[in-house]
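Nothing in this text is a laboratory measurement; each read-out follows from the coordinates by a stated rule. Since the structure is predicted, the reported quantities are computational estimates derived from the model, not experimental observations. Note that each Cβ is placed from the backbone with ideal geometry, even for glycine, and that neighbours are counted across all protein chains shown.
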Amino acid sequence: MRTNGGIRLLVLTGILVSIFSGCDMFNYSELKSDPVLHGIEIHSLPAKTEYLLGEDIDLTGLHVKGRYSDGNDRTLEIKSEHISGFDNTSCGEQIVTVGVNGKTADFTVVVREALIGARILAFRFKNIEAAVTIDHAGKTVSAAVPFNTVITSLTPEITVSDGASVSPGPEASQDFSSPVVYTVTAEDGGEQQYTVTVTIRSQASITITGPKDEDIIFSGIPENGIVLSRSGKSSLPKTLTVSVSNTYTSCRWFINGEEKNGTGNTVTVNSAEYAIRRHTITVMVTMGSIPYSNTIPFTVAE
């Protein structure tokens, strides 16, 4: 302790310095800064380190810790913006870099060509006309089936690469109300999984075709008739679209004998607007001065 001009100074070696002047006292605490990141370290690799061309990187399982100036380690949240060096368009071994606040750590992945020997080459259903799209890069199969198709028990016909096998077997019927995963195994044991998704066309489209010298003919009507559902249950459509393919002088539509105005060459029937029973759609067209007409029934169910 020393005296300077009547002011007594007390100097402590800790973090607190007190200055006394009469009865007044001021306390100054040492300011603490946030800990600084000194480096990062990969504690566990992602679960997936081998990729096929076109696949996106999957960070599931990647565990990275940061070393800080206060001596503590903290787990870091790693997102796609922290990743560089991954190229899903180029085959070979790749060094992937994790970067956080200027600190980096690396791990290795391998990108390979798609297994040509483990592909679904064709996919169809027995006795059902389906529009099928196969995406080998995304390993997906999309099939659109006609309305009224019950998709809870469909038997597919699957063609795969020579020497490959597929599971579940193509002879087994499947419930396609949700996506079904098929695994294709090549002769050398390599595997690829394809996800098959089946959708039902939301509208039943019936096209009227017929030259002027013949009666109007309806095409596209399912074998068991047109059935709409208010609730969409049993995979039934809620709406029906009927269109005229030829060019006529005029086109008029009637539902249950009541004319639908302003519909032109196409009419759409919404099941919610009609009672649960059998109904009719009548089309009347004119070619020049000659009228033609035809009627088709449809049923609305709950």
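For the stretch 120-200, a Kirkwood hydrodynamic radius built from all Cα pairs, placed in the Stokes-Einstein relation at 20 °C and 1.002 mPa s, yields a translational diffusion coefficient of 167 µm²/s. If only the Cβ of Lys and Arg carry +1 and only the Cβ of Asp and Glu carry -1, the dipole of the stretch 252-302 around its Cα centre is close to 100 debye.
Placing unit charges on each Cβ (+1 for Lys and Arg, -1 for Asp and Glu) gives the stretch 147-203 a dipole about its Cα centre, and among THR195, VAL184, VAL166 the Cα reaching farthest toward its positive end belongs to THR195.
Quick one: of LYS238/LYS260; LYS139/LYS238; LYS65/LYS139; LYS126/LYS238; LYS139/LYS233, which pairs are farther than 23 Å apart, Cα to Cα? Exceeds cut-off: LYS139/LYS238; LYS65/LYS139; LYS126/LYS238; LYS139/LYS233. In this structure, the amide hydrogen of PHE125, modeled 1.01 Å from its nitrogen in the peptide plane, lies closer than 5 angstrom to those of ALA130, GLU157, counting only residues at least 5 positions away or on a different chain. Counted over all Cα-Cα pairs of the stretch 37-112, pairs farther apart than 21 Å make up 27 percent. In the stretch 37-112, taking the dipole from charged Cβ atoms about the Cα centre, the farthest positive-side position among VAL110, VAL64, THR49 is held by VAL64. Report, in whole Å, the centroid distance computed from the Cα atoms of the stretch 76-144 and the stretch 52-67. Cα centroid of the stretch 76-144 versus Cα centroid of the stretch 52-67: 13 Å apart. For the stretch 243-260, putting each phi into the Karplus relation 6.51 cos²θ - 1.76 cosθ + 1.60 with θ = phi - 60° gives couplings of 10, 9, 8, 8, 9, 10, 5, 8, 9, 10, 10, 9, 10, 6, x, 9, 6, 9 Hz, in residue order, rounded to whole numbers and with x for Gly and Pro.
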